[in-house]
Ligand SMILES: [Zn+2]
């Protein structure tokens, strides 16, 4: 029973590990969305419902020092240090992004943004304290009208539109990537294969039909695909869904993964990895040449370290930790709960995954982020139309 419940939330350990390793091999989105609002650039997560002023921003690197953070003795000392952390550079597009195409026109959506990181040089040396008070908007305003339009289109036409983009592999196939209507979920959007079950659910909803009872067992509060029904809802690239598939690997191997050449790793994912430059086992070595951009200063991402330290120091001092501590605009974003969507974005790489009750698609695969946003640990009930969800306040961390 407990094993079944655990699996319904995060899948099997082996599946989770392979999923995360594949992210590590380059299957991820670099950069995120931010909102331009009241002369400020604010981070976007699942809780932001108005994305009309959202734009794509490249990932930025800071000069923060992990050791300095972990050695802070109290909250004040840490806060003071953080205020002086500066942006040192922006990351170029990663290889994954270069193959993201519009699902209708099959054209790369980032093709005009290859030098975006250079255009963002104006932001270099902006301190965290200045970022928070809107100093950065001057730099944003200095971007060319064309660039502003392009980064806005990425946000509006693609990253916040359901089923709008895919990864075009070297053999011409396109693997649809996960996006949602009017929501950008940093832990789920773009860097995952589109969950097939959502298509099925949306199709039923559009016809005014109820969701199948077989996936909606109120008595158990958890869901498991069975050998009999799984092929209706899951395709062979399930490994890179942001939602875990809830089935045992044994069931997966007997059904949707049956024809896979590499067990749990479906053909679309293999094609994506070889397109990124990896060599498939027993196949000829890839001939692509890659050049490392050595003019970009790359620093270690320290947001998670910072948030953990902040939490530790606050707890010690008896301070309630309610605010996201380090809401940096283009680093790991802070997330909360998804709204108006029959989905949850709970993390697979976290043992304390989100509890999803009365929901057709339990679980999760992974994400980034730090806890916060809610006043307590009580589940939050959200009216999501036909999908009554009860979600715990959640956190993820890629
Ligand atoms: Zn993932």
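Readers should treat all values here as calculations from the given coordinates under stated rules, not as data from a laboratory. Computed from a prediction, not measured in an experiment: that's the story for all the values here. With ideal geometry, Cβ positions are generated from the backbone for all residues, glycine too; neighbour counts draw on all protein chains shown.
Is at least one residue of region 206-219 in a loop (DSSP other than H, G, I, E, B), in contact with a helix residue (DSSP H, G or I) (Cβ under 8 Å, 6 or more places away or on another chain) and either within 22 Å of residue 13 (Cα to Cα) or within 16 Å of the ligand (Cβ to nearest atom) (or both)? Checked against the condition, which is being in a loop (DSSP other than H, G, I, E, B), in contact with a helix residue (DSSP H, G or I) (Cβ under 8 Å, 6 or more places away or on another chain) and either within 22 Å of residue 13 (Cα to Cα) or within 16 Å of the ligand (Cβ to nearest atom) (or both), region 206-219 yields no hits at all. Selection of region 168-192 for residues being within 14 Å of the ligand (Cβ to nearest atom) and over 11 Å from the mean Cα position of the chain (by Cα) yields only 177.
Considering region 238-321, the qualifying helices (runs of 4 or more DSSP H), each wholly inside and each with 3 or more residues that are touching a strand residue (DSSP E or B) at 6+ places or on another chain (Cβ under 9 Å) and within 16 Å of the ligand (Cβ to nearest atom), run over 267-275. Output yes when any residue across region 91-98 is away from the ligand (no atom under 16 Å from the Cβ), surrounded by 22 or more Cβ atoms within 10 Å (Cβ to Cβ) and farther than 21 Å from residue 176 by Cβ, and no when none is. No, region 91-98 contains no residue that is away from the ligand (no atom under 16 Å from the Cβ), surrounded by 22 or more Cβ atoms within 10 Å (Cβ to Cβ) and farther than 21 Å from residue 176 by Cβ.
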